[in-house]
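Worksheet for the structure shown next.
Here, each number is a calculation from the coordinates, and none is a lab measurement. Everything numeric here is computed off the predicted structure, so don't read it as measured data. Counting neighbours? That spans all protein chains shown, and the Cβs are built from the backbone with ideal geometry, glycine included.
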C-alpha cells in the first residue's frame, strides 16, 4: 500500500458555537500553488472538502474540483446536518454525489464527526447513526455500479474518553452485513495538545495511545475489525496568542512522523492536515490559527516542514 498525504485548503471552519468565516476569501491561484508545492513529486495528494446535505449552499472550499488535477483527488465529506433527524432523501443525495463527482474522488466520507455532540458537526443530529449506515451502503453501491472501484467509502470519528459512551455499540447494532462489506475505512480526527495540554516529551506517546486505542478498543465495539484501514482525516496544531509558529512546526513533525511510523502496524493509509491557511491571523481564538499559512498566504515554518515530510514519507509501504 501507499501512505498518502493531504490537506484541507479552505478558510472556513467551525468551532464550538458555529461557523467561522475567513477574513479573506479563498484565492484559488494561491491555494493551487501551495498545493502543488506541498505535493511535490508525490503521485497522489488528497484535497479535503466539505459539502452539506441539509444546506446545499454550504461547501468549502468553493469549487473544490478545480484543485483535483495532476494527481490530486478529492477527499470529500458529506455532512448530514438535518435538524430534526429526518433522513428522507439522504441516500439519494449520497448516490447523486457519487454519480457526479466519483471520477475526481479518492475518498468519500459519510457524515462529519458523528460521535461528537456539538452543533457544528453531525453528532448533535438525531438519527445520525442510521444516516451513517445508510449513507455508507448507498455510496459504495453507487460507486461499484458506476465503475469507481478506486473510491474509498467510510466515515470518521473523534476519540472518546468516556467509558459510558454509547456511540460504538449502538453503531454496531445498526451495522448489518451490507454495511461491513461497504466500509473501506474509518477515519480519525484528533488534535493532541490543542484542547488538552500534552507535555512536549509525551506528545509521541499521546499520539500512539490515541491511535492504538481507536484501533484496538473503539472500533471492535462496533464490530469493525483490523482488516478495515484507518485514515487520519483531521489533525493540526494552531498558532496564535501563547502558541508559537516554531512550536507548530515541531508538533507537525512529531505527530506526522509518529503516525507514519504506525502506518504498517495499524494499517493507516493516509494523513490529512487541518489546515492550509488561517481563517483570521489576528483572531483571538486558536480556531482562527490552524493554517500552515497566514490568512494572507504568507507561510509559517510548518509549511516547509510538512512539504519536506511529504517528500520523505510518501513511499510504498510493505504489503501486510
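Taking other C-beta atoms within 10 angstrom as a stand-in for reagent exposure, 103, 150, 289 fall in the order 150, 103, 289, fewest first. For the chain, modelled as a GNM whose springs connect Cα atoms under 10 angstrom apart, the maximal fluctuation among 89, 102, 40 occurs at 89. The slack in the chain from residue 282 to residue 124, taken as 0.36 nm per residue of separation less the alpha-carbon distance, amounts to 53.9 nm. Between 0 and 90 degrees, the angle of helix 90-101 with respect to the longest Cα principal axis of the chain falls at about 60 degrees.
Of the beta bridges in the chain, as assigned by DSSP with both residues counted there, near 15 percent are antiparallel. One chain, two ends: residue 308 and residue 177. Fully extended at 0.36 nm per residue, the span grows by 43.0 nm beyond their Cα-Cα distance. Under a Gaussian network description of the chain, with springs only between Cα atoms under 10 Å, the residue in 163, 238, 28 that fluctuates furthest is 163.
Specify the residue with the greatest mean-square fluctuation among 159, 241, 301, computed from a Gaussian network of the chain linking alpha-carbon atoms under 10 Å apart. Taking springs between Cα atoms under 10 Å, the residue moving most is 241. The ranking of 298, 314 from fewest to most other beta carbons within 10 Å of each one's beta carbon is 298, 314.
Kindly identify segment 227-298 as rounded, prolate or oblate by the Cα gyration tensor criterion: order the square roots of the eigenvalues as a ≥ b ≥ c, call it rounded if a/c is under 1.5, otherwise compare a/b with b/c, prolate if a/b is larger, else oblate. Because a/c hits 1.5 or more and a/b exceeds b/c, segment 227-298 counts as prolate.
Packing order of peptides 262-269, 248-255, 14-21, highest average first: 248-255, 262-269, 14-21 (average count of other Cβ atoms within 10 Å over each peptide's residues). Each Cα pair under 8 Å and six or more residues apart adds its sequence gap; the mean of these over the residue count of segment 266-315 is a relative contact order of 25 percent.
Could you tell me how far the Cα centroid of segment 95-121 sits from the Cα centroid of segment 11-83, in Å? With segment 11-83 and segment 95-121 each reduced to a Cα centre, they are spaced 12 Å. Principal-axis analysis of the Cα atoms of the chain puts helix 245-266 at an angle of about 40° to the longest axis. Summed over qualifying helices (DSSP H, 4 residues or more, each -39500 (n - 2.57)) and divided by its residue number, the chain shows a 222 nm mean residue ellipticity of -10000 deg cm²/dmol. Across segment 83-139, the mean sequence separation of Cα contacts (distance under 8 Å, 6 or more residues apart), normalised by length, yields a relative contact order of 45 percent. On a 0 to 90° scale, report how tilted helix 128-145 is relative to the longest principal axis of the chain, with both axes built from alpha carbons and the result rounded to the nearest 10. With rounding to tens, the tilt is 90 degrees.
With an 8 Å Cα cut-off and a minimum separation of 6 or more residues, compute the relative contact order for the chain in percent. Intermediate results must be reported in sequence, preceding the final value.
Working: 630 pairs, mean separation 69.2, N = 320.
22 percent.
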